[in-house]
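Each remark here refers to the structure printed beneath this line.
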Amino acid sequence: MYFKYLALVSLVILYSLMFIGGYLQASGQGLSCPEWPLCPSGILPSAEYLTEWIHRLIAAATGVLIVATAVGSWKVKGSEMKIRITGTLAGILAVSQIMLGAIVIDTKLHAVIVAIHNGAGILLFAMALLTTLFAFRLARATIQTKV
C-alpha cells in the first residue's frame, strides 16, 4: 500500500513549502521575482531570485503530489468517503493556492490576497494532514483484516 507514503510525502513537502513561503514573507522577499511563473532570468534563476524560485519549484512539485494523492484517494482499495473528501478538497485547494500565488505576485502583495493565500494554505495543510491520517488508518485496517 503505497498510497499512505504518497500522502505522507505530500504532507512533508507541503510543510516545507509553507516554511519557505513564511520565510519569504517575513524577510520581505515576496516580490524578489516580480514575474510569474518564471523569474526575469528565465528557467534557471540568478542568485537574487533563488529563494522565490525554490518556493515556486517546490509549489509545482507539491501541486503534482497533492493532486496525485487526491486521485489516489478515489482509487485506493477500501477507501472511505472521508478520505475521498479530504483528498479531493486538498487537490482543489492546491490548484487554488497556485492560482492565488500568481495573483499575489500580480497584485504586488496586496494584503487581502496574501491573507487569503495564507488562510487557504492552512486549510490545505489541514486537508493533507487528515488525508494522511486516514491513509495510515486505512492501511492499518487492511493489515488487521488480513491477519
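Laboratory data are not the source of any read-out in this text; all were calculated from the coordinates shown. Model, not experiment: these values are computed from the prediction. FYI the Cβ positions are ideal-geometry reconstructions off the backbone, even for glycines, and counts take in every protein chain you see.
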Cα gyration tensor, segment 6-89 - rounded (a/c under 1.5), prolate or oblate:
prolate
With labels modelled as points extended 7 Å from the Cα through the Cβ direction, what inter-label distance (nm, one decimal) is found for L109 paired with L123?
2.5
When the chain is reduced to its Cα atoms, the Kirkwood hydrodynamic radius in Å
16.0
List the relative contact order of segment 1-57 as a percent without decimals, with contacts defined as Cα pairs under 8 Å and 6+ residues apart.
31
When a/c reaches 1.5 or more, the comparison of a/b and b/c decides; with that in mind, is segment 22-70 rounded, prolate or oblate per its Cα gyration tensor?
oblate
Once you keep just the Cα pairs under 8 angstrom separated by 6 or more residues, what percentage relative contact order results for the chain?
32
If we count other beta carbons within 10 Å of each Cβ, what is the order of R137, R56, R84, fewest first?
R137, R84, R56
Taking the Cα centre of the chain as origin, work out the dipole magnitude from +1 charges on Lys and Arg Cβ and -1 charges on Asp and Glu Cβ, in debye rounded to 20.
900
What's the ranking of 118-130, 7-19, 41-53 by average number of surrounding C-beta atoms within 10 Å, highest first?
7-19, 118-130, 41-53
Using the alpha-carbon atoms, what tilt in degrees (0 to 90, nearest 10) does helix 81-106 show relative to the longest principal axis of the chain?
0
For helix 111-146, what angle does its Cα long axis make with the longest principal axis of the chain, in degrees from 0 to 90 and rounded to 10?
20
